[in-house]
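Nothing in this text is a laboratory measurement; each read-out follows from the coordinates by a stated rule. Quantities reported herein were computed from a predicted structural model and do not represent experimental measurements. Because the Cβ atoms are built from the backbone with ideal geometry, glycine has one as well, and the counts that use them run over all protein chains shown.
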Amino acid sequence: MAKFEDDPQKPTKLQAEGKSVQENTTTLTKHPFHLVDPSPWPFVGGLSALVLAIGGVLAMHGLDKGVFPVGVLMLLLTAYGWWRDVVREGNTPGVHTQAVRRGLRVGMLLFICSEVMFFVAFFWAYFNVALAPTEAIGFVWPPKNIIPLDPFHLPYFNTLVLLLSGTTVTWAHHALLENNRKDVLIGLGFTIALGLLFTTVQAIEYGHATFSFKGGIYPSTFFMATGFHGLHVIIGTLFLIVCWIRAYRGEFTPEHHVGFEVLALR
């Protein structure tokens, strides 16, 4: 029986498969995004929001038996755990690539847009009744039984404090870009102090108010708008403290400081 030898110029099946795998491997490129590990925080966060909403409804009807505080604690735990994981990812080399950092910036910008629309609703409610007072409030604004705060007293001072905090955090940001760690810490320290001062002055302002939250449309719109803004400043101050600690530890560099950037945007 004749025996046929393999053509030395013809690749074997194994060689051909190996060649195709090599070609496919060289044509594939790794994507620049970070695939996060399985995390419990999205589920826990959703559950926290549900418990918080139920507790809020019960509290408004005088039926809350501790559900609302539990929801607040769960939400704070979620925020701490989730942000802790993001900070750890940011400190891991090669994880927060340029594409990931861009996505975080875009996400923060979208969050700011949602905040803008949130406050637009309060301003809309205020100007709706201020520009066209109804019979229910005597066709006058502010209502006759309301003594408004002097806008050129504590509110004016707090506005200057807020504007000054913007300059100090910008100073810290430029110092970070120049790799000047000392000025970063000083600038952030001044910004934290101004944030605490703003919150203190706003609490004093509330103490001088001659009206309560349930005193009508004027007090409700006033306390809702300024109260949520005060909460915004408190959260921002906590954010500043975290960034100060990270800057002190040397976790920020001129090329990699997306956490600081989203703080400056806020």
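May I ask for log10 I(q)/I(0) of the chain at q = 0.12 Å⁻¹, from a Debye sum over the Cα atoms as equal point scatterers with solvent left out?
-0.96
Compute the longest continuous run of the chain that contains no exposed GluC sites (Glu not before Pro); treat a site as exposed when its DSSP state is not H, G, I, E or B and it has at most 14 other Cβ atoms within 10 Å.
Working: sites that count: E5, E178, E255.
Here the longest run is 6-177.
Over segment 137-237, with a single point scatterer placed on each C-alpha, what log10 of the ratio I(q)/I(0) does the Debye formula yield at q = 0.14, 0.20 1/Å?
-0.62, -0.98
Mind checking which of L238, F228, L163 is farthest towards the positive end of the chain's charge dipole, using Cβ charges of +1 (Lys, Arg) and -1 (Asp, Glu) about the Cα centre?
L238
What value, in deg cm²/dmol to 500, does the helix sum -39500 (n - 2.57) over DSSP H runs of n ≥ 4 give at 222 nm once divided by the residues of the chain?
So the helix-based figure for the chain works out to -24500 deg cm²/dmol.
In the Gaussian network model of the chain, springs joining C-alpha atoms below 10 Å, which of M74, M108, M60 carries the largest mean-square fluctuation?
M60
Rounded to the nearest 20 debye, what is the charge dipole size of the chain about its Cα centre when +1 sits on each Lys and Arg Cβ and -1 on each Asp and Glu Cβ?
My answer is approximately 200 debye.
Note the full-extension length gain between A264 and V242 as 0.36 nm times their separation in residues minus their Cα-Cα distance, in nm to one decimal.
On the way: separation 22, 0.36 × 22 = 7.92 nm, distance 1.32 nm.
That pair, A264 and V242, stretches by 6.6 nm at full extension.
Quickly work out the W83-to-M117 label distance, labels modelled 7 Å from Cα along the C-beta direction, and quote it in nm with one decimal.
2.4
With r as the distance between the Cβ atoms of N145 and L185 and R0 = 51 Å, compute the FRET efficiency 1/(1 + (r/R0)^6) and round to 0.05.
The pair L185/N145 has a calculated efficiency of 0.55.
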